[in-house]
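For reference, the structure is listed below as C-alpha cells.
The values are calculated or read from the model by the stated rules, or taken from the named source; none is laboratory data. Model, not experiment: these values are computed from the prediction. Because the Cβ atoms are built from the backbone with ideal geometry, glycine has one as well, and the counts that use them run over all protein chains shown. We work out accessible area using only protein heavy atoms, side chains counted, and drop any ligands, DNA or RNA first. Shrake-Rupley method; radii C 1.70, N 1.55, O 1.52, S 1.80 Å.
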Amino acid sequence: MLRYVAYSIAPGSLALSRSVLDRAADRRRDEEWLDKAWAAPDTQVAVVAGDKLQVTAERTALRLVSPSEAPDGVRVLLGIDRESGAGQTADGRAVFAVLVDTEPDESYAGLRELGAVLNDREAGMAVHVVGLSNWHGIHTHCANCGEHTVVIDAGHVRQCPACGLSHFPRSDPAIIVLVTDDQDRALLGRNEAWPEGRYSTLAGFVEPGESLEAAVRREVLEETGVVVGAEVEYAGSQPWPLPSSLMLGFYAKAVSTDIEVDADEIAEARWFTREDLRALVDAGTMALPGNISISRRLIEGWYGEELSGSW
C-alpha cells in the first residue's frame with residue numbers, strides 16, 4: 001500500500017529538484033532550429049568537464065558564455081528560457097552546454113558545492129547536464145555490438161552506426177527512507193565507511209521487477225533487520241546524477257524494533273527520539289547529511305523544523 005505523507009518535506013527544499021527551464025525536447029532533432037539557436041548572440045552556454053561545471057569567480061553561479069566563446073566539445077541543448085523576453089528564435093533564449101574532454105581546474109565546481117547556492121534556473125541546468133555528462137562518459141560504445149556510438153538528438157541520444165541501436169540516458173531508481181516506530185522514534189544508520197557520529201536514512205537501489213514499496217521493505221530488513229509494515233508513504237524525489245540515480249524519498253512505519261545490522265554496508269543503526277537527536281547534534285557528536293540531500297529533508301520533515309550541523 002502506497003500512501004501520501006504524514007510527515008512532509010518542506011516545499012522547495014530539495015535543492016537538486018528545482019528547475020524552471022523548458023527542456024524543449026521537441027527541438028532536439030530540428031537541425032535548422034538548433035543551428036539558428038546556436039548562432040543567436042544571446043544564447044547561453046555552460047561548460048562542463050566530467051561532473052563539474054565552470055563557475056563564476058564568486059563560485060555562486062554558473063559561468064555562462066556565448067556560443068562564440070564556447071570551447072569545442074559535445075554540444076547539448078539544455079532547453080529554452082521562455083521567460084527571458086529575448087531570443088533570436090521565436091521561442092525565447094536557447095541554453096546549451098558543451099561537454100569538454102579536459103581535466104577540470106579551480107574554475108570548476110561540483111553539485112555538492114553548488115547545489116545549495118545556485119538559483120532555481122541554474123540548479124535545474126546543472127543537474128540536467130551533469131547527468132548527461134556522466135552518461136556520455138561511460139556509454140561511448142554500443143552495448144549490442146561494441147561499435148563506437150555517435151551523438152544525436154542534441155546530446156540526448158547515442159546511436160550505433162553499425163547496428164543502428166539507439167542508446168538513451170538512464171536514471172537508476174533508488175529508495176531512501178526514514179523509518180519510525182510506534183514511539184515515533186527515527187531509525188538512522190551509519191555506513192561502514194563513515195566515521196563515528198555520522199548518520200543518515202537508509203537507502204538502496206530498486207531491483208528489476210520490484211515495486212518501490214517492496215524495495216523499501218527489503219532494504220530496511222536487509223540493512224537493519226527491522227520489519228516495515230503496510231505504511232509506506234511517498235515524500236518526494238530528487239535526482240542525484242553522480243552518476244545516474246533518482247532518489248525516491250519515503251516515510252515508513254516499522255512493526256518491529258530489534259536491530260541487527262548487515263555488517264556489510266551498515267556498521268551501526270539506532271533509534272533516535274527528537275530529544276536524542278537534538279542533544280547529539282547540538283553537542284557536535286552527531287553529523288547529519290548535507291543540506292542538498294533528500295535524506296536531510298526527510299529527517300527534518302520528521303523532526304518538525306530545520307536542524308543545524310552537517311557533513
If we ask which residues in the stretch 252-292 are among the acidic types (Asp, Glu) and either assigned to a loop (DSSP other than H, G, I, E, B) or within 30 Å of LEU114 (Cα to Cα) (or both), their number turns out to be 6
Reported set for the stretch 57-71 where residues are open to solvent by less than 40 Å² (accessible area, probe 1.4 Å), under 16 Å from ARG121 (Cα atoms) and not in a strand (DSSP E or B) is ALA61
ALA24 fails exactly one of (1) in contact (Cβ under 8 Å) with a residue 60 or more places away in the chain; (2) within 21 Å of ILE152 (Cα to Cα); (3) surrounded by fewer than 19 Cβ atoms within 10 Å (Cβ to Cβ), namely (3)
Conditions (1) of a type in the set (A, V, I, L, M, F, W, C); (2) open to solvent by 60 Å² or more (accessible area, probe 1.4 Å); (3) under 18 Å from ALA186 (Cβ atoms); (4) within 19 Å of the chain's Cα centre (by Cα) -> PHE205 fails only (3)
In the set LEU307, LEU242, LEU298, the lone residue that is touching a Ser or Thr at 6+ places or on another chain (Cβ under 8 Å), of a type outside the set (Asp, Glu) and within 30 Å of VAL130 (Cβ to Cβ) is LEU298
Of those in the stretch 180-192 that are farther than 20 Å from ASN291 by Cα and of a type outside the set (D, E, K, R), the residue surrounded by the most Cβ atoms within 10 Å (Cβ to Cβ) is THR180
Selection from the stretch 112-125 of residues crowded, with 22+ Cβ neighbours inside 10 Å, outside any loop (DSSP other than H, G, I, E, B) and out of contact with any Leu (no Cβ under 6 Å at 6 or more places or on another chain) yields LEU114, ALA123
Before we move on, is GLU147 of a type in the set (D, E, K, R), open to solvent by 10 Å² or more (accessible area, probe 1.4 Å) and out of contact with any His (no Cβ under 9 Å at 6 or more places or on another chain)? no
Of the residues in the stretch 28-55 that are basic (Lys, Arg) and assigned to a loop (DSSP other than H, G, I, E, B), the one that is most open to solvent (accessible area, probe 1.4 Å) is ARG29
Filtering the stretch 4-16 down to residues that are within 23 Å of the chain's Cα centre (by Cα) and either among the aromatic types (Phe, Trp, Tyr) or surrounded by fewer than 20 Cβ atoms within 10 Å (Cβ to Cβ) (or both) yields TYR4, VAL5, TYR7, SER8, ALA10, PRO11, GLY12, SER13
